[in-house]
Amino acid sequence: METENPLNSRNFYSTDCKGRIRTIARNTDIPATKKEIISLNLVKVPKRLIEVLGLDEFAEICSICKKKTDKDPEYLQTEEYKAPIPKKTQINNNILQVGNYSYILRNDVFYSGEELKQLELDFQEILEHITIPNEVSLSDKIIKMSNVLYNHQHKLNQKPIYNSTTFKTMLEAADEDLIGFFDELYIGTNPHIKSDKTNKNNRKKLVFLYYFLASINNKYINGIKADIGSYLQTSGTSPSSIDTLANIGFSITRKTVNCQKNLISNEHQQTVNEYCLQNIEKMFVLNIDDYHNIHRRNMPSLLETHNIFHFVIILLNSNSNITTIPYCSNNILIHNPKGIDSKLIIKNFENFFMKQIVEDSYENRVENLNVHDYDGRIQNHQELRSLNNSKLVDFILHPLHSTKDYIECLNILFKIFERSENKHNYLDNYVIPIVADWPEQINIRRAITLRINKEEASGIPKQILSLIPIIGPLHISLNSRETLFQTYYFFFEKLYHNLFEEKKILSQKPKQTVINLILDLTFNGWKKIRNVIIHHFGNSKDAKYRMMIDLLDNFILLTLDIYATLFRSGYFKGYLESV
């Protein structure tokens with residue numbers, strides 16, 4: 001039967017299509033059945049049938065005709081006809097087993113069985129010379145990490161590591177299988193699109209996450225949980241809240257926190273002794289200061305009228321870059337028998353110190369006049385406020401108002417060095433600078449002078465001579481402002497009430513911010529009315545008038561400028577005269 005369109009058509013015997021194959025928009029038109037369009041599945045003509053049917057390589061054929069063609073005797077007898085490859089189940093002889101892998105041999109498709117066997121032999125020979133590392137699973141890595149952290153806490157008696165770089169280095173040094181383990185989760189935080197600050201915080205969070213995973217594997221890895229529990233209790237968190245976080249797995253229970261605190265308290269003395277022995281060849285810096293809780297109960301109880309307690313903090317600090325300072329140099333004692341020799345101070349200050357100062361540029365002096373914020377939350381200043389090299393010697397309930405109080409507190413430090421001196425005899429051969437404010441300067445220097453003049457009759461231990469009180473320019477400025485405020489409290493109180501109403505109460509020892517505010521307001525207000533007052537009163541010799549003029553013209557300006565202007569700008573001559 002002849003077709004109307006020779007394209008994609010062929011005259012052949014077929015009972016289904018009546019000899020007509022014609023493509024019309026993915027459909028087949030069969031006029032003999034008088035059906036306009038019958039939707040059939042058209043497929044590409046197989047290559048083995050192209051020559052048999054005389055079609056081009058882009059021709060299509062319906063699936064029914066394709067199946068009938070392979071059964072038509074007319075085409076089966078032609079030389080060009082190639083039978084289809086049957087998809088039959090392979091017998092066991094055609095399955096090659098190599099290790100854990102099975103290969104199906106099909107000689108009539110791509111390769112022969114002998115060729116594959118030879119290929120496998122060559123492949124196994126190559127594997128003998130190649131070392132393929134075994135991939136460690138995530139669960140195995142967590143177990144290995146737990147073992148490392150357990151040894152770090154319980155066998156090495158080390159504290160938890162919070163620095164991400166140090167933590168990563170510790171894991172990788174302890175077990176080679178943990179190399180890159182920390183980076184696996186860090187890459188999951190998508191660090192490429194985040195800022196450096198965010199990435200740094202994420203690395204800190206990952207350290208806690210790794211400790212958390214290890215604690216799930218081994219409940220005795222609880223160092224970081226103990227720190228969190230202690231911090232929560234110190235911050236005033238309720239016991240029920242701490243226990244709730246412990247149930248979640250973020251902390252230890254309240255009872256465990258108390259046990260940890262008792263253990264730390266019992267071992268504290270030993271840690272202080274070890275600290276002194278480890279740093280015995282370095283310079284120590286001592287600080288003794290008072291501390292009191294300002295929150296008091298308004299109503300007295302049956303046992304006490306108030307709950308305000310005064311404490312003493314004894315703090316040691318070591319500097320690895322500074323060696324010890326000898327007690328005697330060229331057979332000259334560190335202390336001057338005359339005590340404070342003003343002439344000697346001025347001589348050394350002018351002849352040695354001032355000559356070493358190079359005149360600074362105007363830009364640097366202006367920079368020194370700027371007020372800077374050294375808050376601990378500022379990233380650039382965190383190192384300045386670090387307490388890594390410091391050690392709390394003791395925190396005791398004791399007043400600190402007289403020379404006797406200071407001597408009693410210093411005896412605690414002397415006993416510690418007596419236990420740890422051994423062959424070094426630190427307090428006999430070296431000195432310890434002690435950073436002190438104005439009250440400490442007076443009381444400690446008084447004790448040193450009494451020991452030098454009366455020796456053993458003074459009842460003051462000899463070790464007091466190994467202490468060198470020092471005071472910085474900032475402390476001088478702060479103490480001078482506080483002293484000035486307390487001396488003229490009657491005047492500043494009236495000024496304060498005039499500015500902030502009578503109901504406002506001005507403490508006799510307010511915070512430095514309040515003192516600075518009042519002094520600054522007084523000075524700026526005085527500048528506006530000074531000429532009027534001087535013109536009205538002239539050179540009156542009244543004692544009260546001269547006292548107020550001296551306060552407003554000299555003392556307030558001096559205390560405000562002695563550190564911020566004179567010292568920080570490098571004008572040491574004016575600073576020396578002011579002191």
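Overview of values
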read-out	value
Residue list for region 506-539, restricted to those being among the β-branched types (V, I, T) and surrounded by 10 or more Cβ atoms within 10 Å (Cβ to Cβ)	V514, I515, I518, T522, I529, I533, I534
Residue selected from region 148-164 under the condition assigned to a helix (DSSP H, G or I) and free of Cβ contacts under 8 Å to residues at least 24 places away in the same chain, by the criterion surrounded by the fewest Cβ atoms within 10 Å (Cβ to Cβ)	K155
Restricting region 225-269 to residues that are of a type in the set (S, T, Y) and part of a helix (DSSP H, G or I), the residue that is farthest from the chain's Cα centre (by Cα)	S240
Residue pairs meeting the criteria (Cβ under 7 Å; at least 6 apart or on separate chains; first of a type in the set (S, T, Y) and exposed (fewer than 10 other Cβ atoms within 10 Å of the Cβ), in region 336-357; second at pLDDT below 75 and assigned to a helix (DSSP H, G or I))	none
The lone exception for L206 - which of (1) in contact (Cβ under 8 Å) with a residue 40 or more places away in the chain; (2) on the phi > 0 side of the Ramachandran plot it fails	(2)
Hey, I242 farther than 15 Å from P160 by Cα and in the same structural domain as D183 (by TED's automatic domain parsing) or not	yes
Residue within region 185-207 that is buried (at least 16 other Cβ atoms within 10 Å of the Cβ), farther than 23 Å from V136 by Cβ and in contact with a Gly (Cβ under 9 Å, 6 or more places away or on another chain) present	no
Neighbours by Cβ (under 8 Å, 6+ apart or cross-chain): first from region 488-504, basic (K, R); second surrounded by 15 or more Cβ atoms within 10 Å (Cβ to Cβ)	K504/Y496
Subset of region 494-538 [under 17 Å from D550 (Cα atoms) and in a loop (DSSP other than H, G, I, E, B)]	G538
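The values are calculated or read from the model by the stated rules, or taken from the named source; none is laboratory data. A quick note: this is a predicted structure, and the numbers were derived from the prediction, not measured. Neighbour counts run over all protein chains shown; Cβ positions are idealised from the backbone, glycine included.
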